[in-house]
Amino acid sequence: MGMYRTYFTRISCSCFSLFFLCEYLIYYFVLIQCSWPVLDPRKADQTIEPKDSNQMVKVMLLADTHLLGPKHGHWFDKLRREWQMYRAFQTAMFLQKPDVVFILGDLFDEGQWCSPEEFNAYIDRFHSIFHVPAGTKLFVAVGNHDIGFHYKITPYLQKRFTDAFEAPPVRLITLEGSHFVLLNSMAMEGDGCFLCRPAEVLLSKISRRLKCTKNPSQCSKSISLSQYSRPILLQHFPLYRESDEDCNEPDEAPEDEKSQKFRERMECISRESTFSLLDMLKPRVSFGGHTHHGCHRYHTLSNTHEFTLPSFSWRNKNNPSYALAVFTPNNYEVSKCYMPQESTVIFLYFSGILMILIYAAFSYKFLCRRQRLFKERERKKQP
């Protein structure tokens, strides 16, 4: 009886070890390989002099979490993908310890359709999965799945999200002398609607404050910022581009999707809005999401690097990733951290289960033979 107990104990421990590896340890094994990028002094903007009190800001950026709602998606799909995002995010919090986290839209998959009760449940789930420790700040941008595309947005939907996450159409956040401009991409339609007009006014004010800070002799000090630096633009949609054809990243779109033409205001903001943003703000770097695939581009018009972040969820991307960036008022550096691939975890499960089954079969065969020999020995001992 003791041999069978040992046999089943070993099989149970093997199954538990496999589960623990695939659902917990793998996130540490993979994400511990990520590190914060190092600033290159040669890339510093020599026209901007940081203050002695300025500290480097460590920023984590991700997009398109798409928490499933009550209408679409199987319960197991929801459980699997939300656990993946929870473990990846909390492991990143433990290992990388960012100062700030920005989540760039499409927090929810059904935000535009859900009832007030369902939306409140969404908020609770979001804060449970993407809980940040004390000392880490969390900011979000709104996405089309949160409140709808421009033509579907109502004042109610817009206000509900704004009140829940303090995410107005345009928001300026200053951290250690670095200016972050959070933007509602759907407010860049340019049609003077209830959402677009206030966004245009706020952008003009931010642009003026930046210009006044850069040239204080030309403006009143009352509207100037404490320090000038080129801003960082953060929104859900990428800036205008024809397609992903020129994107060459490990997490780029599949080849059959790269050549598909983007529709302005649907897959990216319009050409006019892009030129207007780059001209008004002159950002040093821009981050977006929405396409679910990675991309890096350079805009010569304003000397702006643009990073499109892939989806953070296995539901949309087999090889999800997030960005780690460091900022000072006159310099920055960006790197990408790749999370465990869903295909790798599936392979580990299949391989592990196969090895456990083989071990169980051989062990059981050996156990039966040993049991037979034991019985024969006992029989021979009898008079």
*Do we find a residue being buried (at least 16 other Cβ atoms within 10 Å of the Cβ) and either more than 21 Å from the chain's Cα centre (by Cα) or part of a helix (DSSP H, G or I) (or both) anywhere in region 288-300?*
yes
_Looking at (1) of a type in the set (S, T, N, Q); (2) over 19 Å from PHE287 (Cα atoms); (3) out of contact with any strand residue (DSSP E or B) (no Cβ under 9 Å at 6 or more places or on another chain), which one does SER243 not meet, given that it meets all the others?_
(2)
*asked:* Taking the condition of being surrounded by 20 or more Cβ atoms within 10 Å (Cβ to Cβ) and part of a loop (DSSP other than H, G, I, E, B), how many residues in region 303-316 meet it?
replied: 6
*Criterion: crowded, with 22+ Cβ neighbours inside 10 Å, more than 30 Å from ASN319 (Cβ to Cβ), touching a residue at least 60 places away in the same chain (Cβ under 8 Å) and small (Gly, Ala, Ser) - qualifying residue of SER178, SER229*: SER229
_Given the criterion out of contact with any Lys or Arg (no Cβ under 8 Å at 6 or more places or on another chain), closer than 23 Å to TYR151 by Cα and of a type in the set (A, V, I, L, M, F, W, C), identify the matching residue among LEU277, LEU233._
LEU277
*Within region 70-80, is there a residue that is buried (at least 19 other Cβ atoms within 10 Å of the Cβ), in the same structural domain as GLN158 (by TED's automatic domain parsing) and in contact (Cβ under 8 Å) with a residue 40 or more places away in the chain?*
no
*Restricting attention to region 23-50, report how many residues are over 21 Å from the mean Cα position of the chain (by Cα), in contact (Cβ under 8 Å) with a residue 24 or more places away in the chain and assigned to a helix (DSSP H, G or I).*
2
*asked:* Among the numbered criteria (1) in contact with a Ser or Thr (Cβ under 9 Å, 6 or more places away or on another chain); (2) loosely packed, with under 12 Cβ neighbours inside 10 Å, which one does PRO41 miss?
replied: (1)
*1 or more residues more than 13 Å from LEU277 (Cβ to Cβ) and either aromatic (Phe, Trp, Tyr) or outside the structural domain of ARG284 (by TED's automatic domain parsing) (or both): qualifying strands (runs of 3 or more DSSP E) within region 163-241*: 178-183
_Name the residue that is surrounded by the most Cβ atoms within 10 Å (Cβ to Cβ), counting only residues in region 250-269 that are in contact (Cβ under 8 Å) with a residue 60 or more places away in the chain and touching a Ser or Thr at 6+ places or on another chain (Cβ under 9 Å)._
ILE269
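The values are calculated or read from the model by the stated rules, or taken from the named source; none is laboratory data. No experiment lies behind these values; they were computed from the predicted model shown. Cβ coordinates were reconstructed from backbone atoms using ideal geometry, including for glycine residues, and neighbour counts include every protein chain displayed.
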